[in-house]
1. Could you go through segment 106-119 in sequence order and give the Karplus-derived ³J(HN,Hα) for each residue, using 6.51 cos²θ - 1.76 cosθ + 1.60 with θ = phi - 60°, rounded to whole Hz, and x for Gly and Pro?
2. Which entries of Lys98/Lys170; Lys61/Lys98; Lys106/Lys146; Lys134/Lys179 show an alpha-carbon separation above 23 angstrom in the structure shown?
3. Hey, what do the phi angles of segment 132-146 turn into as Karplus ³J(HN,Hα) couplings, whole Hz, using 6.51/-1.76/1.60 and θ = phi - 60°, x for Gly and Pro?
4. Ordered by packing density, taken as the mean number of other Cβ atoms within 10 Å over each peptide's residues, highest first, how do 153-159, 15-21 rank?
5. What ranking do 36-47, 102-113 get when scored by the average of other Cβ atoms within 10 Å per residue, highest first?
6. In whole Hz, what ³J(HN,Hα) sequence does segment 31-47 give by Karplus (6.51, -1.76, 1.60; θ = phi - 60°), x for Gly and Pro?
7. What shape does segment 1-43 take by its C-alpha gyration tensor, where a ≥ b ≥ c are the square roots of the eigenvalues and a/c under 1.5 counts as rounded, a/b above b/c as prolate, and the rest as oblate?
8. Which far-off residues, 5 or more places away or on another chain, put their amide H under 5 Å from the one on Ile77, with H placed in the peptide plane?
Amino acid sequence: MHTWSDIEQHVASCTCCPLSRTRHLPVMGRGSHSADIMLIAEAPGGQEDQEGLPFVGRSGKILDELLESCSLTREEIYITNILKCHPPGNRDPKDEEKAACFPYLKYETFLLKPRVIVCLGRVAAQRIISPDYKITRQHGTWTCRKDCALTAVYHPSAILRDPSKMEETKADFKEIVRKRDELLRGNPDK
Ligand code: SF4
């Protein structure tokens, strides 16, 4: 796989884990292929499975509100999931499913070369940042890896369940933009 279209074609016909038998549509990442900010969630939900697009439905509206609060649009970011197929009943992804699907995320990250990676929720943070990541305590904190800064915020579905998380997540998104701008000032060439 060397191009975005290679990844899309592989994902579209992938049967590397049992979720290929229960999914309706695989959900490839969407957004700008030159984005500086990459958002990574755990897996597509039920509506995403029906439409084949990430973050549609109620969680998507929350995400749009968060982006709007810091003057970002979906066209300037890239958003994807660790799993490209919906786990039945929205259960947590199994380790073997994450392992089977992870190469797609690695290729997306390799092609994009983001300045900032934002994990949406505990599952993504524990897979990408640290296995013992505590989203309640650590959201909004930063880790650096090579030329990339990593952080995590509450998943939009957690905000749907507990709207009191909205304001602190908006503050985290403002910091994400500030960090992106700081990194771009330090080294404007990707
Ligand atoms: S979840 Fe990933 S590895 Fe499993 S079938 Fe879907 S695309 Fe393939």
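A short reminder: the numbers here are calculations on the coordinates, not readings from a lab. Small disclaimer: the values here were computed from a predicted structure and weren't measured. Note that each Cβ is placed from the backbone with ideal geometry, even for glycine, and that neighbours are counted across all protein chains shown.
1. Each residue of segment 106-119 in turn: 4, 5, 4, 5, 4, 6, 6, 6, x, 7, 10, 10, 10, 7 Hz.
2. Details: Lys98/Lys170 28 Å; Lys61/Lys98 26 Å; Lys106/Lys146 15 Å; Lys134/Lys179 21 Å.
Pairs exceeding the cut-off: Lys98/Lys170; Lys61/Lys98.
3. My calculation for segment 132-146 gives 9, 4, 10, 5, 5, 8, 9, 4, x, 8, 10, 10, 10, 9, 6 Hz in order.
4. Details: 153-159: 22.7, 15-21: 14.9.
The most tightly packed comes first, giving 153-159, 15-21.
5. Values: 36-47: 23.3, 102-113: 16.8.
Highest mean packing first, the order is 36-47, 102-113.
6. x, 7, 7, 10, 5, 8, 10, 10, 9, 10, 10, 7, 6, x, x, x, 6
7. On the way: a/c = 2.75, a/b = 1.55, b/c = 1.77.
It is oblate, given that a/c is not under 1.5 and a/b is not larger than b/c.
8. Distant-sequence amide H within range of Ile77: Ser32.
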